[in-house]
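Trainee: The following block contains the structure, expressed as structure tokens.
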Amino acid sequence: MRDMIQEAFTAKDYLSDIRPIWCPGCGHFFILRALAQAFAWLKLPNEQIGLISGIGCSSRIPAYINAYGFHGVHGRALALATGLKAARPDMHVVVAGGDGDGYSIGGNHFIHACRRNMDMTYIVMDNEVYGMTKGQPSPTTEPDWESKFAPHGTGIRTFNPLGVALASGASFIARGFAGDPNGLTKLIIEAIEHKGFSLVEIKSPCVTFRPDEKEWSKTMRKMNMVPTDDVLEAAGKIHGSDGLDTGIFYQATLPVFEPHSTKEKTVADFEKEFEV
Amino acid sequence: MKDRTITVSVSGSGGSGAVTIGLVLLKSIANVGFYGYMSRSSGPQIRGGESSVILSFSDHPIERNADGIDLHFALDWRGFERFSDEIALNSDSCVIFDSSHDTLPDMVAKIGANIIEVNLKEQVKQIKESLPNSFAIGILAAQIGLPLESVFKALQQTLHQKDEAFIKDTIRAIEAGYTLLEESPSLISDWQPSSQSRWNISGNEACGLGALRGGIRLVAAYPITPASDIVEYLAPRLEKVGGTVLIAEDELAAMNMVIGGSFGGKASMTATSGPGVSLMTEAMGLAVASETPALVVNVMRGGPSTGIPTKSEQSDLNQALFGMHGEAPHIVVAPLSIADTVSATQWAVGLAEAMQTLVILLSNQRLGQSRAIVDAVPAKTYELQRKVLAEESAEPYERYAVTEDSISPMAIPGNKQGLYTAEGLEHTDAGKPSSMASDHLQQLRKRESKVAQFDYKDEWAEILTSGKRSRAIVLTWGSTFGSVKESVMELNREGMAIDLLALRLLMPLRVDAIKELCEDKQVIVVEQSYSGQFYHYCLGQGAIGASSLSLAEAGPLMLKKSDIKHFIKEALL
């Protein structure tokens, strides 16, 4: 029986037949696979998944998943997803995108999506570079990384997404690594199952513009974090990490924003208010 | 007063209660069966600034202020110079002021109006809990000729939550004010009360009601003057009819939330003003490209940049028409009056849903924040619904398939047969991203043709013909309609045969229909923008000829009827 169910839901059921535009060896392939596997494990009906993205290499992902998707404008995926979740609380809303999309142009929405703590999952495929526009520094790029856009490096310290998420009110904060597909699938499953806003920040090497990131397969520590629901402890772990630790840093039960509407009135009731 | 209209203004420094006086008088005139219109103007201060109201009353529906002021009450003169443009006092005006604060300013004295001084400080001393503005209500009610009962009823309707002792003293103060001045002949004695069922409604409330009637279920917005009232009207109501209001972190978020909600199958809208639209513009293009229904209400204020947040202009027309990058065919609709805002908004929701595209509704501060007594607006049936994919559809689904009317069924998430990814990238008919010339052309044509071939029926404009062979036609849009209509009707009564065409549908422009109506006539285009945006638009589209004339005035002052009439007369000399 169990095998039959397993047969009914495999990653394949969630992968579309559109071929990704990504470069061979790109970390995003592993994330796509892990996402499909997580959907299969959770047996989510395809038609109940809303996969929302903005712009960038990673934001192409909705087309590659067999579900309802929205490939919107740069940086606004979380806002669009918020509208969808408010209108359709029954949908499993997953947002995916890159570090530039989420932390730079979409930074304000990131803060407020954490704050709202709506029941959705945000997967950031962080390769510390703008790949689609061919190699410019992003908020997670090290300050001394030299590029045509910033010949001497940006000189600006890197953005700490986990720290910002914690301060802003996200109730599930994790870091994953594209090179650890099993750990990653587990993280995504737990994130989707979590009630509230879950951030899964995934280090995903850009083999084309950041070949140095291939080193991550040696340096990233696989699923070494133990979750806590204590904010101070989580803050210590997040700010104490060198960025190579993976796992759930913080998971807590926090108030979830869910618009409550009733059908106690009709429009005709409101028209009466205007009568003189 | 010749046309059975009286215009009363009240001004005072912040907290003096000018707006309350206006609201009570407006309700009073409604209680005796008449119509009224109240525009308001305030200084930039959050609290403590000057404020003023201008009320026009009549025994027929009126949605504009008359050019001149018949009766003005100054609770004090502080900051009055800010309103001296709007409150057009003349030698025929009667000015009553509270002399306990300050003396008559020179700028008012030299007008030569009939001046009456009252000392309200003395009056307030007589009644414990009274306020100067209560005496003012009584004085104005007596001057207008309003029966006291209508005022008391209005008071109850306005101050429902205040305590009884206060209301009692307020009533005493109104009574005292009523008999304070020498008895004057009633200004409304020959008016015929209406037997129509009437509403007391502001333009922004009208927009909210229209949204509810249209079936809006999600509103996402960021606060901005003068549009926030729409959201404040909807917030407590929408949630009781199964909808939601989302507070967005900024306008970029608001517009994307609207798209997300609409993608989820719920009719969605936002309300904002020009600066907000500027921030929303990229995502507005996404609504067009992804063919997601969305309504953006722009309650226009003076621009550019922060401009004049609290005052009106029609200067966001170019932005609404041409603001987006790329080819982005969409709909632009404008209500013509407060009453018309109800149905125009309902229609706008329907157009967005039916055509699966972006609709911009252009209201403005004057329309939105003015309040009027209007005949009740019956709900309309437009039969405009979203074409959705059937749950049991067996065909392979192509979201952007080219159909006869260029509108393809939209799959609503949850439907097993319709899995698709909505695309902001150019795409194939199946929704797959594509940069091929042939796909681009196919989808450009699809998006253009659904809007171009749609049947807008008679809603696209209000057309008033003189009944004779007219020499001229006045072309206008939006809130200037009220003044233009009265001007044209008066000129017709004076023996000039002039038609009026007021557009509700600004984009796509009904070029052929406009051309036909304008044929062999002197065309005069009237609008409230400095550069004549509407005039140039009509000219550029070939809807009007090169001999057409433009009367374009910048905001925020309302176009005066006398100026419009003068312009038309000069044009036809």
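Trainee: Does any residue of region B:431-441 turn out to be touching a residue at least 40 places away in the same chain (Cβ under 8 Å), within 14 Å of another protein chain (Cβ to nearest Cβ) and within 16 Å of B:ALA289 (Cα to Cα)? Give the derivation first.
Mentor: Keep residues of region B:431-441 that are touching a residue at least 40 places away in the same chain (Cβ under 8 Å), which gives none.
Checking region B:431-441: not a single residue is touching a residue at least 40 places away in the same chain (Cβ under 8 Å), within 14 Å of another protein chain (Cβ to nearest Cβ) and within 16 Å of B:ALA289 (Cα to Cα).
Trainee: How many residues are more than 7 Å from chain B (Cβ to nearest Cβ), crowded, with 23+ Cβ neighbours inside 10 Å and not basic (Lys, Arg) when one looks only at region A:53-90?
Mentor: Of the residues in region A:53-90, 13 are more than 7 Å from chain B (Cβ to nearest Cβ), crowded, with 23+ Cβ neighbours inside 10 Å and not basic (Lys, Arg).
Trainee: Do you know which of the residues in region B:484-530 that are polar (S, T, N, Q) and in contact with an Asp or Glu (Cβ under 7 Å, 6 or more places away or on another chain) is farthest from B:PHE567 (Cα to Cα)?
Mentor: Per the criteria, the residue is B:SER529.
Trainee: So, one more: Any idea which residue in region B:521-573 is modelled with the highest pLDDT, counting only those that are under 22 Å from the mean Cα position of the chain (by Cα), assigned to a loop (DSSP other than H, G, I, E, B) and of a type in the set (D, E, K, R)?
Mentor: B:GLU553
Trainee: Out of the residues in region B:361-384 that are farther than 19 Å from A:THR266 by Cα and among the hydrophobic types (A, V, I, L, M, F, W, C), which is farthest from the chain's Cα centre (by Cα)?
Mentor: Among residues in region B:361-384 that are farther than 19 Å from A:THR266 by Cα and among the hydrophobic types (A, V, I, L, M, F, W, C), the one farthest from the chain's Cα centre (by Cα) is B:LEU384.
Trainee: Residues that are under 19 Å from B:GLN533 (Cα atoms): which helices (runs of 4 or more DSSP H) entirely in region B:308-391 hold 1 or more of them? Show your work before the answer.
Mentor: On the way: elements: B:317-322, B:338-355, B:365-369.
Per the criteria, B:317-322, B:365-369.
Trainee: Would you please name the residue that is surrounded by the fewest Cβ atoms within 10 Å (Cβ to Cβ), looking only at residues in region B:186-208 that are within 11 Å of chain A (Cβ to nearest Cβ) and of a type outside the set (S, T, N, Q)?
Mentor: We begin by selecting, within region B:186-208, every residue within 11 Å of chain A (Cβ to nearest Cβ); these are B:194, B:196-202, B:205-206, B:208.
Now restrict to residues that are of a type outside the set (S, T, N, Q): B:198-199, B:201, B:205-206, B:208.
Values: B:ARG198: 21, B:TRP199: 24, B:ILE201: 27, B:GLU205: 24, B:ALA206: 31, B:GLY208: 29.
It comes out as B:ARG198.
Trainee: Follow-up question, since we're still on this one. I'm trying to understand the selection: among the residues of region A:91-108, which are closer than 24 Å to A:GLY135 by Cα and either within 8 Å of another protein chain (Cβ to nearest Cβ) or of a type in the set (Gly, Ala, Ser) (or both)?
Mentor: Passing the criteria: A:ALA96, A:GLY97, A:GLY98, A:GLY100, A:GLY102, A:SER104, A:GLY106, A:GLY107, A:ASN108.
Trainee: Here are some conditions: (1) in contact with a Phe, Trp or Tyr (Cβ under 6 Å, 6 or more places away or on another chain); (2) more than 8 Å from every other protein chain (Cβ to nearest Cβ); (3) hydrophobic (A, V, I, L, M, F, W, C). B:ALA248 meets all but one. Which one does it not meet?
Mentor: (2)
Trainee: Would you mind stating whether B:ILE171 is in contact (Cβ under 8 Å) with a residue 60 or more places away in the chain and either within 14 Å of chain A (Cβ to nearest Cβ) or surrounded by 18 or more Cβ atoms within 10 Å (Cβ to Cβ) (or both)?
Mentor: Judged against the criteria, B:ILE171 is not a match.
Trainee: So is B:ILE216 among the β-branched types (Val, Ile, Thr) and farther than 30 Å from B:GLN123 by Cβ or not?
Mentor: yes
Trainee: For residues in region A:239-276 being hydroxyl-bearing (Ser, Thr, Tyr) and at the interface with another protein chain (Cβ under 9 Å from one of its Cβ atoms), which is nearest to the chain's Cα centre (by Cα)?
Mentor: A:SER261
Trainee: Further, regarding this structure: Restricting to region B:66-117, give me the number of residues that are of a type in the set (A, V, I, L, M, F, W, C) and not in a strand (DSSP E or B).
Mentor: Adding up the residues that qualify gives 15.
Trainee: Just one of B:SER16, B:SER9 is in a loop (DSSP other than H, G, I, E, B), assigned by TED's automatic domain parsing to the domain that holds B:PHE73 and either touching a residue at least 60 places away in the same chain (Cβ under 8 Å) or buried (at least 24 other Cβ atoms within 10 Å of the Cβ) (or both); which is it?
Mentor: Working: B:SER9 fails: in a loop (DSSP other than H, G, I, E, B).
Result: B:SER16 is the single residue among B:SER16, B:SER9 that is in a loop (DSSP other than H, G, I, E, B), assigned by TED's automatic domain parsing to the domain that holds B:PHE73 and either touching a residue at least 60 places away in the same chain (Cβ under 8 Å) or buried (at least 24 other Cβ atoms within 10 Å of the Cβ) (or both).
Trainee: A follow-up question, please. Take B:ALA211 and decide whether it is within 12 Å of chain A (Cβ to nearest Cβ), of a type in the set (Gly, Ala, Ser) and assigned to a strand (DSSP E or B). Don't jump to the end; show me each part of the working.
Mentor: Numbers: within 12 Å of chain A (Cβ to nearest Cβ): yes; of a type in the set (Gly, Ala, Ser): yes; assigned to a strand (DSSP E or B): no.
So B:ALA211 fails the test.
Trainee: Can you name the number of the only condition in (1) aromatic (Phe, Trp, Tyr); (2) more than 27 Å from A:LYS214 (Cα to Cα); (3) in contact with a His (Cβ under 8 Å, 6 or more places away or on another chain) that A:TRP41 fails?
Mentor: (3)
Trainee: Checking B:ALA154 against (1) within 21 Å of B:LEU187 (Cα to Cα); (2) free of Cβ contacts under 8 Å to residues at least 12 places away in the same chain, only one condition comes out false. Which one?
Mentor: With (1) within 21 Å of B:LEU187 (Cα to Cα); (2) free of Cβ contacts under 8 Å to residues at least 12 places away in the same chain applied to B:ALA154, the lone miss is (2).
Trainee: Which of the residues spanning region B:419-461 are under 19 Å from A:GLY72 (Cβ atoms), buried (at least 20 other Cβ atoms within 10 Å of the Cβ) and out of contact with any strand residue (DSSP E or B) (no Cβ under 8 Å at 6 or more places or on another chain)?
Mentor: B:ARG447
Trainee: Under 17 Å from B:CYS207 (Cα atoms) and either surrounded by 23 or more Cβ atoms within 10 Å (Cβ to Cβ) or at pLDDT 95 or above (or both): does that describe B:LEU238?
Mentor: Against the criterion (under 17 Å from B:CYS207 (Cα atoms) and either surrounded by 23 or more Cβ atoms within 10 Å (Cβ to Cβ) or at pLDDT 95 or above (or both)), B:LEU238 qualifies.
The values are calculated or read from the model by the stated rules, or taken from the named source; none is laboratory data. In this text, all values refer to a predicted model and were calculated from it rather than measured experimentally. Quick reminder, even Gly has a Cβ in these numbers, built from the backbone with ideal geometry, and neighbours come from all protein chains shown.
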